[in-house]
Amino acid sequence: MKWIAAFKFALEIGRFTCCLMGAAGLLRAESESLPYHLIRFEENEGYQAGAFKGSGGGLQLLQGEARIVREDRDEAGQCLETVAGDPYASIHFHGERVSRNDKTYYEVWVRPCASPLAKSEEFMDLDGAVLGFFAYGPDGHATFHAYHALPEDAGYWVSTGVSAAVGSSGMTQEWIRIGICQNMATGTWDLEIGGEVVLSEIRPTETSREDGIQLWLLGHETGATRFDDLLVSPVDPDSLRLGETKHLPQGRSARNGHAGNLDRTGERKVGRKQSDDDRRRHDAGIPAGLAKAAPKSLEFEMDIIGGGTQHGKFDGKGADANRSFLLYTPQYDDAGKPLPLKVRIQCDAELAEGVDLSKILWAVTELAKKEDKEPLRVIAHGTFTTGFTQIAEIPSEWANKGTQMRVGTNLMLRKSP
């Protein structure tokens, strides 16, 4: 049975074109990838345990103290902790905007420290989406609040009705996943706590800027707050997550992300009014000398592992500046017939917590011609369901013909009539 392919990418991770040229083969790679920001605070990202001052990736300590720590009972690795003190810790991130259809998504794992309701001190500001975690009294619980800005220079704290237990230090006993959807078209944002949307159409404290985003992670004078796995994405993180959308990401089994671990019985009501002047960082400017962090991207690499000899990779220049090339020579059997070409496809696993492997497909097809608008013949195809490394085999009868490989999440394959 023959297969034909059409390529329409909702998220195109990349594409590779393989062209045989005489005795040598040239594997052309052209990447169009998903931009994102992801900070895990891990050692292999340059975050060393101990005092934190800043990083070269757009993150800077503005005041107070913070440190990189690891929880003995947490399998997820290192995290950022604000140190209690006066002044309170303020960590700022400035990065390039990543959005799609006028939306930017933010996700962060937190163990916030409760602030007295009378003080209403926010612990986080994600580009105008402001959150507080306020205690009504000494009952061992505190409630999440969102700041709904008014057209004037003020706003109301609105209770989400979602509360969490806190320990003797004032910090929550478990990790909680916070999600923000920022809609630049409507000038509002939606809030998700522990996998469920709790408030929608909240007005931000400032108008979103197309040229960049600014985030603040804030501590308290009396207690520590912990942050981890800060993600900024142009698509909903749940659409990228392994398994069912409300399940915990892999490696986060020790963390509280399920809705059942939070008390959602509280009232959602408008609370204390607060002026912008009383808030802790609303009008803070971009720190001098802090470069805007460029987004990362999901990419993949390929290597010849059988049926040919790989000679090297190099980047394109000029009109091909956004492409890379892999040079190889094919191998032949004793009868002079080309051997099947085996290619190892290595997906970039940097965003492994969020990628639905079953929806990432690869396909080897005949080489497309500019004047040919017909669907392409599929030579081989598969998915990344079993992991981030897959082996594609180009049959021997195609080893000396023009072929191409494409990888994406909305790659369409169908049987030919």
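Structure values in brief
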quantity: Entries in LYS103/LYS296; LYS337/LYS401; LYS119/LYS273; LYS103/LYS292; LYS53/LYS103 that, when Cα-Cα distance is taken, lie over 22 Å; calculated: LYS53/LYS103
quantity: Per-residue HN-Hα couplings for the stretch 46-53 [Karplus 6.51, -1.76, 1.60; θ = phi - 60°; Hz; x = Gly/Pro]; calculated: x, 9, 8, 4, x, 4, 10, 10
quantity: 1.4 Å probe accessible area per residue over the stretch 89-206, in Å²; calculated: 31 Å²
quantity: Sulfur and carbon atoms: percent of accessible area, the stretch 59-200 [1.4 Å]; calculated: 45 percent
quantity: LEU117 - accessible surface, heavy atoms, 1.4 Å probe, Å² rounded to 10; calculated: 60 Å²
quantity: Phi to ³J(HN,Hα) by Karplus 6.51 cos²θ - 1.76 cosθ + 1.60 over the stretch 122-137, Hz, x for Gly, Pro; calculated: 5, 10, 7, 9, 9, 6, x, 8, 10, 10, x, 9, 10, 9, 7, x
quantity: Within the stretch 85-138: Cβ-based charge dipole about Cα centre, in debye rounded to nearest 20 (Lys, Arg +1; Asp, Glu -1); calculated: 160 debye
quantity: Phi to ³J(HN,Hα) by Karplus 6.51 cos²θ - 1.76 cosθ + 1.60 over the stretch 391-401, Hz, x for Gly, Pro; calculated: 10, 9, 10, 8, x, 4, 5, 10, 5, 10, 10
quantity: Other-chain or far-sequence residues with amide H under 5 Å of TYR332's (modelled H); calculated: LEU339
quantity: Heavy atoms of THR385: accessible area, 1.4 Å probe, square angstrom to 10; calculated: 80 Å²
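The values are calculated or read from the model by the stated rules, or taken from the named source; none is laboratory data. For clarity, every value in this text was computed on a predicted model and none was experimentally measured. For neighbour counting, all protein chains shown are included, and Cβ atoms are generated from backbone atoms with ideal geometry for every residue, glycine included. Side chains included, ligands, DNA and RNA excluded: accessible areas come from the protein's heavy atoms. Shrake-Rupley method; radii C 1.70, N 1.55, O 1.52, S 1.80 Å.
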